[in-house]
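The values are calculated or read from the model by the stated rules, or taken from the named source; none is laboratory data. Owing to the predicted nature of the structure, the values given are computational and were not obtained by experimental measurement. Here the Cβ positions follow ideal geometry from the backbone for every residue, glycine too, while neighbour counts run over all protein chains shown. Surface areas here come from the heavy atoms of the whole protein model, side chains and all, with no ligands, DNA or RNA. Shrake-Rupley method; radii C 1.70, N 1.55, O 1.52, S 1.80 Å.
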Amino acid sequence: QVQLVESGGGLVQPGGSLRLSCAASGSIFSAYNINWYRQRPGKERELVAVATVGGAATYEDFVKGRFTISRDNAKNMVYLQMNSLKPEDTAVYYCNVATWDKQFWGQGTQVTVSS
């Protein structure tokens, strides 16, 4: 069982920044990749970034150079630092853990980028 709770979303102007947090339960946190996804209005959920077990970070092209994913295994936390935000970044952002046989999702946190 993995439980995930996102926070940190809100309303921000274009060019602004937000830091999203995901609190993850369980002693297995450090054993799995942690992913950030987002779902834009009218769109399918899409991968944003991955924090791997080995400490690497990967990003989809549309956020490279703007977003940074990080994890703190001691605190069972994963973060998504979002800079230079654009209106098209408006979405519900979710953290996700995929075990060998199950997917776990948080409830999502709304990010709205608007002037």
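Brief remarks on what is shown
- Residue (of ALA98, THR112, PHE62) at the positive-pole extreme of the chain, dipole from beta-carbon charges: THR112
- Sparsely packed loop sites in region 32-106 (the GluC sites (Glu not before Pro) outside DSSP H, G, I, E and B with at most 16 other Cβ atoms within 10 Å) comprise GLU44, GLU60.
- Cα-based radius of gyration of region 1-109 once divided by 2.2 N^0.38 Å, which approximates compact folds: 1.00
- Taking label positions 7 Å along the Cα-Cβ direction at both LEU11 and TRP100, the computed distance is 4.8 nm, reported to one decimal.
- Spacing of the two label points (7 Å from each Cα toward its C-beta) at ALA57 and SER70, in nm: 0.7 nm
- Solvent-accessible area per residue in the chain equals 52 Å², computed with a 1.4 angstrom probe and all protein chains kept.
- Share of carbon and sulfur in the accessible heavy-atom surface of region 1-58 [1.4 Å probe, %]: 48 percent
- When the Cα atoms of region 12-75 are aligned to their principal axes, the ranges along those axes come out at 36, 24, 20 Å in descending order.
- Of the trypsin sites (Lys or Arg not before Pro) found in region 6-115, the ones in coil according to DSSP and having at most 12 other Cβ atoms within 10 Å of their Cβ are LYS43, LYS64, LYS102.
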